[in-house]
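Everything on this sheet refers to the single structure shown next.
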Amino acid sequence: RILTNKLTERLGWTFVIDNRPGGNGFIAVGIAAKAPADGYTLLSAHTGEFAVNPHMFKSVPYDFDKDFTSIIMVSDAPMLAVVNIKSPINNFKELVAAAKANPGKLTFGSPGTGSVNHIATEWLVHAAGIKALHVPYKGGAPAVSAVAANEVTFTVAGLPGVLPHLDAKRVKVLGITTAKRTPQTKNWQTAQEGGIPGVDASIWVGLFAPKGTPKAIIDRLFKESAEVLKLPDVKERYATVGGADAVATPAAAFNARVKKDIERYGKVVK
């Protein structure tokens, strides 16, 4: 909505946001996959739909390569690993030490089985050489609330879902899941800085079109979107609302990133 509202201001284009929640994104992505390739139906999707779902489910009603063309990566956001404010664990090294000292006792919440948060946490746990019991909740907010209520040891969640509990001093941050710190997370260590090798999990959001959409349309959508994403007020909105960087990554580089994440999350799931 941040992007499309600004495009409407600049160009007078009218966007109808069609929210189709549920089904691990299958409903929304499936509709876009079957839409005419005329530039009038676009898809906003994130890491989970394309990098995680194909590995988690036997039947997925879309195929990234066959059904879609990348337009632009709109934003990219790290996830935070958080524990209860009273937990004796303060960083990734202490999380690993606690897991090894108390085998079978570590638990983590997620927004649901097969969510990107779930698989990112499994990546974190596997790379650290520890074990943790997965406890799925019905959404990211309940998972963070479970940590605040001391129902589970930790969770991995986006900044917007964590901030209210962080401000209320109900949870504390161990670190972030990306390989590099971002302006929004510069005060927290990365998993790699905390001694957990290779972990680099984020939630990107991108804009896609049905396969076969004319290149001239893709190029125009990229050009106008990139201009909007450079605006200071737009960058600020993405940072404050989503805890994300507005990145404006071009189609070729974005496509390569999607393919890389498909491979990396596939290894985690296997």
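Some notes on this structure:
- Members of the stretch 237-251 found to be touching a helix residue (DSSP H, G or I) at 6+ places or on another chain (Cβ under 8 Å) and assigned to a helix (DSSP H, G or I), listed by number: ARG237, TYR238, ALA239, VAL241, GLY242, ALA251
- For the stretch 149-177, the set of residues classified as in a loop (DSSP other than H, G, I, E, B) and of a type in the set (A, V, I, L, M) consists of ALA149, VAL152, ALA168, listed by residue number.
- Considering residues of the stretch 132-148 that are part of a loop (DSSP other than H, G, I, E, B) and at pLDDT 95 or above only, the residue least open to solvent (accessible area, probe 1.4 Å): ALA132
- Looking only at the stretch 154-170, and only at residues there that are touching a residue at least 40 places away in the same chain (Cβ under 8 Å) and open to solvent by 30 Å² or more (accessible area, probe 1.4 Å), the one that is nearest to ASP261 (Cα to Cα): PRO160
- If you go through the stretch 58-67 and pick out every residue that is over 19 Å from the mean Cα position of the chain (by Cα) and either part of a strand (DSSP E or B) or touching a residue at least 60 places away in the same chain (Cβ under 8 Å) (or both), you end up with 2.
- All positions within the stretch 252-264 that are touching a helix residue (DSSP H, G or I) at 6+ places or on another chain (Cβ under 7 Å) and open to solvent by less than 30 Å² (accessible area, probe 1.4 Å): VAL258, ASP261
- Within the stretch 208-230, residues that are under 17 Å from VAL247 (Cα atoms) and charged (D, E, K, R) have Cβ atoms under 9 Å from residues that are open to solvent by 50 Å² or more (accessible area, probe 1.4 Å) and outside any helix (DSSP H, G or I) in these pairs: GLU224/TRP13, counting only partners at least 6 apart in sequence or on another chain.
- Verdict on ARG220 being more than 30 Å from GLU122 (Cα to Cα) and at pLDDT 95 or above: yes
- Any chance THR249 is buried (at least 19 other Cβ atoms within 10 Å of the Cβ) and either under 17 Å from LEU124 (Cα atoms) or among the hydroxyl-bearing types (Ser, Thr, Tyr) (or both): yes
- Note on the stretch 1-40: residues that are assigned to a helix (DSSP H, G or I), out of contact with any Phe, Trp or Tyr (no Cβ under 6 Å at 6 or more places or on another chain) and under 19 Å from ASP63 (Cα atoms) total 8.
- Selection of first residues in the stretch 171-194 that are among the charged types (D, E, K, R) and of second residues that are open to solvent by 50 Å² or more (accessible area, probe 1.4 Å), restricted to Cβ pairs under 8 Å at least 6 apart or on distinct chains, gives the following pairs, ordered by first then second residue: LYS172/ILE85; LYS172/ASN90; ARG181/TRP188.
- Qualifying residue in the stretch 211-234 (condition: in contact with a helix residue (DSSP H, G or I) (Cβ under 6 Å, 6 or more places away or on another chain), assigned to a loop (DSSP other than H, G, I, E, B) and surrounded by fewer than 19 Cβ atoms within 10 Å (Cβ to Cβ)): yes
- Condition met for ASN90 (under 23 Å from the mean Cα position of the chain (by Cα) and either surrounded by 20 or more Cβ atoms within 10 Å (Cβ to Cβ) or farther than 20 Å from ASN24 by Cα (or both)): no
- You will find that of ILE31, ILE2, ILE27, ILE17, the residue that is β-branched (Val, Ile, Thr) and in contact (Cβ under 8 Å) with a residue 40 or more places away in the chain is ILE2 and no other.
- Being open to solvent by 30 Å² or more (accessible area, probe 1.4 Å) and assigned to a loop (DSSP other than H, G, I, E, B) is a description that does not apply to GLY112.
- For the stretch 46-57, a tally of residues being among the aliphatic types (A, V, I, L, M) and either without any contact (Cβ under 8 Å) to a residue 40 or more places away in the chain or crowded, with 21+ Cβ neighbours inside 10 Å (or both) returns 2.
The values are calculated or read from the model by the stated rules, or taken from the named source; none is laboratory data. If you're wondering where the values come from, they're calculated on a predicted model, not measured in any experiment. Because the Cβ atoms are built from the backbone with ideal geometry, glycine has one as well, and the counts that use them run over all protein chains shown. For the accessible areas, the whole protein counts, side chains as well, though only heavy atoms, and no ligand, DNA or RNA atoms are used. Shrake-Rupley method; radii C 1.70, N 1.55, O 1.52, S 1.80 Å.
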